[in-house]
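The values are calculated or read from the model by the stated rules, or taken from the named source; none is laboratory data. Predicted model only: the values in this text are computed from it and were never measured. Cβ: placed from backbone, ideal geometry, glycine included. Neighbour counts: every protein chain shown.
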Amino acid sequence: MKNCKAKVLTSAVLAAASLAHGAVNFPLGTYVYAGSVMDFRNTVQGAESGLTIYAVSTNGMVLSSCELVDPDGSGCNFRLEVPVSTFATEKSAAVGDAPNCVIESATGMRSAATTSFPPILSASAVTNCVVKYANARAYDHKGETVLVPEDYIDGISYWMESKGHAEYSASDDWDGDGRTNYEEYVAGTNPFDPTDYLRVTAFSATPSVHVLKFEFVGGHLYALKSAESLSNPEWVQTRFSGESGSMQTTAVYEGPGDEDVGEATLYVTPVADTPQRFYKVEAK
């Protein structure tokens, strides 16, 4: 019995010493990160995106995760409850920690841009935040940095490989149709088909109206530009009217999907005292 008491006393003394040195870890509650995940176009993502968001400790351990849901009235589409304890462990964070934020697609591909959440201020609190999902890659296009969605590059990877292209290049013209790969992406045309590119397909003119036709791809944004000469032309954005009759400077033609195509007709009022005028349709 004496030995037993001595052991109990020793354990109590060790526990007291551990407390004095702050080595005992106690759960303090949960810290909630709630907010919105947006893509690089600032579009709030929903359940259909198939994305999962993670709060990851600095040593790479997952502290909390959830699949994105359809945004509520405030635009919130995720809620992460991070366990908080006296000091950080493999399963919990400590006050002052800033967990990394990781976005993962349904196929298991993680976002290239991994950012940190705001620091944990205390246990049992909520921080609202906006997370940018970097679902695009940056490329140089004629000296300008442009963003191309990863799913677009993944979608043409088969043709890239079959044509001997190991990497996507925004400024190259793979099919030789005079449009760069990036310009074809913006227009929704095929960068491997020299017959598929954005152009005016029909034109007619009367003293009162110029009529142009072109083939559109659903969901893409188009503008009309004009110039008085093709010798060092100064292309200016030009107002037009569509089937509705209202004047506009840009137009989006909706379809069931990105592959939906159709013919659009634009009507332009000629500029007085201008002997000639050239037009082009441009995707934006």
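Looking at (1) crowded, with 20+ Cβ neighbours inside 10 Å; (2) part of a loop (DSSP other than H, G, I, E, B); (3) touching a helix residue (DSSP H, G or I) at 6+ places or on another chain (Cβ under 9 Å), can you tell me which one residue 88 breaks?
So residue 88 meets the others, but not (3).
What number of residues in the range 215-260 are of a type in the set (Val, Ile, Thr), modelled with pLDDT under 85 and under 23 Å from residue 195 (Cα atoms)?
Number satisfying all stated conditions: 1.
For the range 193-234, give me each residue that is in contact (Cβ under 8 Å) with a residue 12 or more places away in the chain and of a type in the set (S, T, N, Q).
195, 201, 208, 226, 229
Count, please, the residues in the range 206-230 that happen to be part of a loop (DSSP other than H, G, I, E, B) and of a type outside the set (A, V, I, L, M).
Pass one, the range 206-230, residues part of a loop (DSSP other than H, G, I, E, B): 206-209, 218-220, 228-230.
Now drop any that are not of a type outside the set (A, V, I, L, M), which leaves 206-208, 218-220, 228-229.
Here the count works out to 8.
Return yes when residue 187 is surrounded by 11 or more Cβ atoms within 10 Å (Cβ to Cβ) and either within 27 Å of residue 146 (Cα to Cα) or not hydrophobic (A, V, I, L, M, F, W, C) (or both) and no when it is not. Don't jump to the end; show me each part of the working.
Values: surrounded by 11 or more Cβ atoms within 10 Å (Cβ to Cβ): yes; either within 27 Å of residue 146 (Cα to Cα) or not hydrophobic (A, V, I, L, M, F, W, C) (or both): yes.
Considered against the rule, which asks whether it is surrounded by 11 or more Cβ atoms within 10 Å (Cβ to Cβ) and either within 27 Å of residue 146 (Cα to Cα) or not hydrophobic (A, V, I, L, M, F, W, C) (or both), residue 187 comes out as yes.
Only residues in the range 124-151 that are within 28 Å of residue 80 (Cβ to Cβ) count as the first member; pair them with residues that are among the β-branched types (Val, Ile, Thr) and exposed (fewer than 15 other Cβ atoms within 10 Å of the Cβ), Cβ under 7 angstrom, at least 6 apart or cross-chain, and list the lot.
As it stands, the answer is 138/145, since those pairs meet every condition given.
Looking at the range 91-105, which of its residues are of a type in the set (A, V, I, L, M) and not in a strand (DSSP E or B)? Working first, answer last.
If we filter the range 91-105 for residues that are of a type in the set (A, V, I, L, M), which is where we start, we get 93-95, 98, 102-103.
Once the filter is applied, which keeps residues that are of a type in the set (A, V, I, L, M) and not in a strand (DSSP E or B), the range 91-105 yields 94, 95, 98.
For residue 250, indicate whether it is more than 29 Å from residue 274 (Cα to Cα) and either exposed (fewer than 12 other Cβ atoms within 10 Å of the Cβ) or touching a Phe, Trp or Tyr at 6+ places or on another chain (Cβ under 9 Å) (or both).
Working: more than 29 Å from residue 274 (Cα to Cα): no; either exposed (fewer than 12 other Cβ atoms within 10 Å of the Cβ) or touching a Phe, Trp or Tyr at 6+ places or on another chain (Cβ under 9 Å) (or both): yes.
Judged against the criteria, residue 250 is not a match.
With respect to residue 273, is the statement that it is acidic (Asp, Glu) and surrounded by fewer than 13 Cβ atoms within 10 Å (Cβ to Cβ) true? Show your work before the answer.
Details: acidic (Asp, Glu): yes; surrounded by fewer than 13 Cβ atoms within 10 Å (Cβ to Cβ): yes.
The answer is yes for residue 273.
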